[in-house]
Amino acid sequence: MRLGPSPAALAPLLLLLLSAPGAGAGDAQGEHRADYDREALLGGQEEVDEYVKLTPEEQHKRLKSIIKKIDSDSDGFLTESELSSWIQMSFKHYAMQEAKQQFIEYDKNSDGSVSWDEYNIQMYDRVIDFDENTPLDDAEEESFRQLHLKDKKRFEKANQDSLHGLSLEEFIAFEHPEEVDYMTEFVIEEALEEHDKNGDGFVSLEEFLGDYRRDPAANEDPEWILVEKDRFLNDYDKDADGRLDPQELLSWVVPNNQGIAQEEALHLIDEMDLNSDRKLSEAEILENQDLFLTSEATDYGRQLHDEYFYHDEL
């Protein structure tokens, strides 16, 4: 199940990882490579070339327009909250843009809807139909059958009007159910079906860890299990009752874009706040324009080429 923006849509937002301490992808023996960051930020060499074509004056103009939009209360400063909200909006925008492009590719007969057959043809080059009640002997084929049946179930749930195919809005619900309210119940039901082995409507720590069993010869759990246990106890099990209820389960299975956005916003302020007031002025950002665009500023470099962000009307 796709819960959130795809790697392609999120690529510019991964820049934070490149600029964080210990991130080695952009380093050469500890030396930070701004050219690597610029390419990671803008999405590839083609986008880098487009960026370079902008005059300094146009870069400056578009950047100031973006700063103005982030400043939702128009007080002249960007707070952690404003930066976080902007980044979350950016996540959703790029996810929706990707889904719209996919819709065109999947709609083979250009009738304005995507049928289940068209989805299969785009994904697998043929129409696939499995019997829901007949497991396959081959383990890999059975795993694929299960995934395909889950896709079909999600497709049918997204099809609100029960017509032959999915409209653009329904296709977005299919691709990104976490973004659509009427799909929330389905997301929870599917997660419970996969993880709630005893059928009590909750996910215990044991169920959360899946098939893991400690090696009888080991004195303690491996590091990754300790990390997962900590996540269960401190991140997801909010009421500390030792199990995840449906709402807590949702926070696990749906990507927490809010948390990612908050981390990025704090990182920007830590790096660019020159007077330690925990907010960014336009002057501070322009003083560090290259940093904002190539090392620390999430996807803002990409936004210089997207009128949705820098145009006067957002």
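Remarks
- Burial order of peptide ranges 275-281, 185-191, 237-243 (average beta-carbon count within 10 Å, highest first): 185-191, 275-281, 237-243
- Pair SER110, LEU54: separation of 7 Å Cα→Cβ label points (nm): 3.3
- Rolled with a 1.4 Å probe across the full set of protein chains, the surface gives MET89 an accessible area near 50 Å².
- For the range 153-268, the fraction of alpha-carbon pairs lying more than 25 Å apart is 40 percent, rounded to a whole number.
- Inter-part distance where the range 158-210 and the range 86-122 are each reduced to a Cα centre, Å: 19
- Approximating the spin labels as points 7 Å out from Cα along Cα→Cβ, the ALA218-to-ASP241 distance works out to 3.0 nm.
- Cα shape, the range 132-215, gyration tensor, a/c 1.5 rule: oblate
- Selection from HIS93, VAL114, ILE128 lying farthest towards where the dipole of the range 85-139 points positive, charges on Cβ: HIS93
The values are calculated or read from the model by the stated rules, or taken from the named source; none is laboratory data. Given the structure is predicted, the values throughout are model-derived calculations rather than measurements. Here the Cβ is made from the backbone with ideal geometry for all residues, glycine too, and neighbour counts use every protein chain on show. Side chains included, ligands, DNA and RNA excluded: accessible areas come from the protein's heavy atoms. Shrake-Rupley method; radii C 1.70, N 1.55, O 1.52, S 1.80 Å.
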